[in-house]
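Take a look at the structure below.
The values are calculated or read from the model by the stated rules, or taken from the named source; none is laboratory data. Here the structure is a predicted model, which means the values were calculated and not measured. Cβ atoms come from the backbone with ideal geometry, glycine included; neighbour counts cover every protein chain shown. Areas reflect the complete protein model, heavy atoms only, side chains present, ligands, DNA and RNA absent. Shrake-Rupley method; radii C 1.70, N 1.55, O 1.52, S 1.80 Å.
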Amino acid sequence: MFNLQSNSASSSRYSLPASAPSPPPNANQTKRSSSYLSTGFTNLSISGIGSSSSNNDLASPAGRGGEMNILDRPINKSRGVEVGLPAWAFLFSEIVSYSQTRVDSVADLEKRLSTLGRESGIRIISLHLLRAAQTSNNKDPKKEYRLIPALQFIHTQVYRYCFGKAADGLEKSVEGDDEYMLTLNNPPLTQHISIPKDLSQLSCEAFSAGIVEGVLEGLDMPARVTAHTVPTDQFPRRTVVLIKLDRSVLDREEGLGK
Amino acid sequence: MAYYLALISPSDSPIYETYLTSSKPHNQIASSSTSTFPSWSSFPTFNNNQHNVQPSSASASAGQPPAIPPKDPFPPQFLGGPGTPSKPTSGAIPNNLTGQPPQGVEKHVMQMIAFSSLDIVEDVMVGTGSMYLKMIDKFNEWNVSAFVAPSVKLIILHDIKNDEGIRLFFMDVWEHYVKTALNPFHTPTTRITSTLFDQRVRASAKRHL
């Protein structure tokens, strides 16, 4: 829908908003079939990326009733706060093209996307744990503190929360004991992006990698997380998120024993 | 009855601090002493053993009617704590929920106690998945409880045992914090200066503490 073109992005930037308010006729259908853009995602896009005041319309329905302060907003409102797939695709295409105007290399662009994702991830983990604690009646709220359960938590819960389904694989790297890989066969966030030839190294899933990094940081497991496209015949857009954990995490894990 | 709350960023800097006093008569101690600082010469037999006894007896008395004075050889007023009563003429309890430290309590001492317990918080949190760490540290009659959430630590100093109330209070403050942190302009190390946040914390304190 929104192709990432290195040269056309800036010229089309001003024409896109005009077409944005009229969603495709099957917008509802799209929304239903793309369930990953559900409750949690609203918060991601509003809090992580949105630029507050100008985003009041996006922040509806909370923003609809005039100026409501953020402390009064319910965090568990689940109806009517979904962001449609077209809106996300538009926002993300703008994020990518904005980032692209201020970088020299593919690596820098990925770093910028990853930084944005990290900001989201830090917030996602807080919000997720808070909601989980509140639904379990605030009784002894817990978070994962061991490495493997934490990775499994990201593999299933965080991925389901952000992308609508659990990751397709969680593997330990054969190269180093500090490396783990999360695989997603068909990453939904970037499904409308086609990478031009001259940027073939780029993976916009760097944003997802940033989310994973932020979540791990929230769980006190600092790591460097990168995304790599590893196509297979069946899944040409298969993406591997590579987690390289900080030494301190492994030392702590060793200290805790089995 | 008196509380000190600090929100601590991942870089161990305080992003929000406040002093709270509760009007609930958990543990009223009648005394005319106005000493605000531990005078070590005033209790020469003070030793570790008695030091350890003291907080438990204080907590045991927490649930009792306020009329019964705690059977405590070293009542908190010796130790410069919140039990130190204000002068009888100025009312038993200082202004409720004003954000000012109760009379007789050194503000910086409470801050120091809270931050010195950070090491213990970090020791305890690596071995448990629980976010609420209750009564992990003691300094004189101050108990330290903590709540370890992603990218923030909540530390509270309290002089009476009130696990349940503090847990609910922590959950409330955490919710306020998360809502604040969802603001894209907030970073984990930004100081929270919002008066609204302050009001909400005080309202939660009134409800739970």
Interface residues, the stretch A:218-257 - accessible area loss of 20 Å² or more versus chain alone, probe 1.4 Å: A:GLY218, A:ASP220, A:ARG252, A:LEU256
Taking each residue of B:144-155 in turn, how many C-beta atoms of other protein chains fall within 10 Å of its C-beta, and what is the average? 3
For the stretch A:69-195, report the translational diffusion coefficient in µm²/s to the nearest whole number, using Stokes-Einstein at 20 °C, 1.002 mPa s, and a Kirkwood Rh over Cα pairs. 124 µm²/s
Let me know the mean shielding of A:118-125 by other chains, meaning the per-residue number of their Cβ atoms within 10 Å of its Cβ. 3
Mind grabbing the interface size between A and B? I mean buried accessible area, both sides, 1.4 Å probe, in Å² to the nearest hundred. 2800 Å²
